[in-house]
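The values are calculated or read from the model by the stated rules, or taken from the named source; none is laboratory data. Fair warning: this is a prediction, and the values are worked out from it, not measured in the lab. Using ideal geometry, Cβ is built from the backbone for each residue, glycine included, and neighbour counts are taken over all protein chains shown.
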Amino acid sequence: MPRLGRRPLVRIGPVDPTVTGAAGLVAVTELVDRLGVVGALDDGIGPIKQRDRGLTGAELLVGMASSQLQGESALVGLDRSRADRAGAWLAPVPCAPSRTAARLAGRFGPPQLAGIERGLAVIARRMMRLLPAQRRAELVTGRPVLDCDSSDVEVYGRKKRGVAFTHDGRRAGRPLLVSWARTGLTLAADLLAGNQDPRPHVIALLRRALSVLPDAVCAPPVVRADSGFYSTAFMRAVVAAGGDFAISAPRSAALWRAYAQIPEDRWVEARDMRGAQVAAGDHAPEGAPPGTYTIVRRVKVAAGEVSADPRSRRGRTLVPGQRQLLLDGMIDHSWAVSFLVTSLPADEPGGIVAVEWWFRGRADIETRIKSPVPLGKPVPG
């Protein structure tokens with residue numbers, strides 16, 4: 001036994017191949033087996049090789065996903081996953097070597113990518129059948145919330161295909177996806193270059209997402225999106241599909257005028273956000289569907305919280321003309337303002353508060369893009 005006050009001795013020796021830090025793959029393997037993930041994806045993708053040997057398209061995808069769940073973020077991580085003998089034994093499928101994975105991935109064209117979404121639709125239906133009756137009833141009868149988002153993923157190497165420089169000078173790809181918020185399932189996805197505007201692509205993506213929702217889900221959808229998707233064409237497409245939308249609006253002169261016209265007695269306290277207030281305005285962009293209006297949120301900002309750096313994000317949210325007044329000590333506070341354009345009915349202040357609070361859950365999808373959560377973990381929304 002080590003003496004009191006001294007650290008125990010550390011013994012250095014050969015790595016024990018029967019010990020792994022990836023024991024959680026047992027749960028992933030059970031989930032993959034119960035849902036028949038490999039078979040469903042293979043039925044959608046079809047063969048990717050002429051000879052029936054080695055890994056199938058679905059096994060390639062499931063192996064890559066398992067490696068990501070172990071914390072790997074690049075193809076070379078597949079080699080590290082393979083080197084973990086105990087972890088590889090627990091995984092749902094064998095991992096391909098990184099070079100093999102890159103070669104097989106190059107065989108995925110538009111038909112194979114569309115097949116992935118068809119396979120996911122089958123998996124979603126199986127998931128619904130396995131859920132407890134109460135949870136299944138909630139998903140079937142409740143309105144499905146679909147989150148649209150994109151995020152820039154920086155890459156390296158001048159020969160990377162399908163990527164481009166973003167406005168801030170990073171070489172990146174731009175994943176674009178629609179996710180079913182209450183289940184965490186990605187229903188449809190595309191990969192754009194870092195300089196591509198997602199708005200021309202999102203309407204078709206939304207239609208694909210709606211087509212793979214389980215048939216048992218019969219309630220009209222609700223779509224949430226950030227300001228990168230702000231367009232009246234997208235709003236009209238959501239309403240034409242029988243749904244409602246809630247989209248962050250980029251700050252514009254018209255919205256600042258709408259903000260200035262809101263009487264002080266219309267502001268009410270926001271939910272679960274200290275110092276925040278919300279109010280509704282009548283502003284709707286030209287061409288928006290009937291019933292569109294704007295919910296405004298403002299958060300009090302003290303003078304000491306404002307940076308003199310012109311690149312400060314907080315500074316861009318302040319009421320125009322007041323940032324310099326704060327820095328000069330002319331006023332002691334201002335308001336950071338956000339705008340939400342929506343078609344969701346909210347006839348009283350309590351309804352507006354609930355809609356604005358619910359919309360903040362949209363940030364969950366951004367977290368999933370940048371840091372994936374384990375398969376099957378539900379996401380609030």
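Residue count for the stretch 136-155 under the criterion of being touching a Lys or Arg at 6+ places or on another chain (Cβ under 6 Å) and part of a strand (DSSP E or B): the result is 3.
Given the stretch 179-288, what strands (runs of 3 or more DSSP E) lie entirely inside it while holding 3 or more residues that are more than 15 Å from the chain's Cα centre (by Cα)?
Numbers: elements: 185-193, 222-225, 244-249, 276-281.
So the answer is 244-249, 276-281.
State yes or no: is Gly162 in a helix (DSSP H, G or I) and of a type in the set (Gly, Ala, Ser)? Considered against the rule, which asks whether it is in a helix (DSSP H, G or I) and of a type in the set (Gly, Ala, Ser), Gly162 comes out as no.
Matching residues to (1) among the aliphatic types (A, V, I, L, M); (2) farther than 15 Å from Pro289 by Cα:
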| residue | (1), (2) |
| --- | --- |
| Ala219 | yes, yes |
| Ser227 | no, yes |
| Thr232 | no, no |
| Arg236 | no, no |
| Ser248 | no, yes |
| Arg251 | no, yes |
| Leu255 | yes, yes |
| Ala258 | yes, yes |
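I'd like the full set of residues that are in a loop (DSSP other than H, G, I, E, B) and aliphatic (A, V, I, L, M), limited to the stretch 320-334.
In the first step, residues of the stretch 320-334 are kept if they are in a loop (DSSP other than H, G, I, E, B); the result is 320-322, 328-332.
Met330, Ile331 - these are the residues of the stretch 320-334 that are in a loop (DSSP other than H, G, I, E, B) and aliphatic (A, V, I, L, M).
Does the stretch 48-55 contain at least one residue that is over 23 Å from the mean Cα position of the chain (by Cα) and closer than 22 Å to Thr186 by Cα? No - not one qualifying residue is present in the stretch 48-55. Contact annotation: residue pairs with Cβ atoms under 8 Å, 6 or more positions apart or on different chains, pairing a residue in the stretch 129-157 that is in contact (Cβ under 8 Å) with a residue 24 or more places away in the chain with a partner that is of a type in the set (Asp, Glu) and in a helix (DSSP H, G or I), are Asp147/Asp364; Asp149/Glu366; Ser151/Glu366.
What are the residues in the stretch 197-225 that are free of Cβ contacts under 8 Å to residues at least 40 places away in the same chain and farther than 25 Å from Thr342 by Cα, if any? Hits for the stretch 197-225: nothing passes. The residue of the stretch 198-212 that is modelled with the highest pLDDT, among those that are surrounded by 20 or more Cβ atoms within 10 Å (Cβ to Cβ) and of a type in the set (Val, Ile, Thr), is Val202. Does Leu113 satisfy being buried (at least 16 other Cβ atoms within 10 Å of the Cβ) and not polar (S, T, N, Q)? Considered against the rule, which asks whether it is buried (at least 16 other Cβ atoms within 10 Å of the Cβ) and not polar (S, T, N, Q), Leu113 comes out as no.
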